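We did not get these values from a lab; they are worked out from the coordinates using the rules stated. Computed from a predicted model, the values in this text were never measured in an experiment. Note that we place each Cβ from the backbone using ideal geometry, even for glycine, and neighbour counts take in every protein chain shown.
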Amino acid sequence: MANGDITKEIEYDKIEIVGTWNIQVRKATKIMEEQADGSKKELTRDFHRHVLQPFLSAKGEDGKWTHTATDLSGENAKVKVIAEAAWDTDTKTAFKTFMESQTTL
């Protein structure tokens, strides 16, 4: 990198388990400028947030539930590790039970 070069850096600066199964993820996108002394100066920072749950659950017209596991393949490696640890069998069962107890979706 040379003085004045601009780069984009991605940082997952918050990964939180909220409640029993919700995982909140905050991704920071930083625009950095190389300084003459080799340090970097942050010019801008933008945030994107999203929440993950273990399944996408839907009740069909026949009254039967379908629980499709959340696809973590596009998530950051740290997010995947946390989700896989947080969503143990008991948590997944509790989520399905909760969803099926809801009268309206």
Residues with beta-carbon under 9 Å from that of I10, excluding I10: net charge, scoring Lys, Arg +1 and Asp, Glu -1? +1
Structure-derived Rg and Dmax of the Cα atoms in Å: which label, when the choices are [x] 18.5, 65; [y] 19.6, 67; [z] 17.1, 56: [y]
Listed pairs K8/K96; K59/K80; K14/K64 exceeding 29 Å between Cα atoms: K8/K96; K14/K64
Cα-based helix-to-principal-axis angle, 89-101 vs the chain, degrees rounded to 10: 60
Taking only Cα atoms and a 10 Å spring cutoff, compute GNM fluctuations for the chain and point out the largest among L72, L52, L43. L43
For segment 36-88 the GluC sites (Glu not before Pro) that pass both the DSSP coil test and the at-most-15 other-Cβ-within-10 Å test are E61
Give me the one-decimal nm value for the distance between modelled label points at D71 and K41, 7 Å along each residue's Cα-to-Cβ direction. 4.2
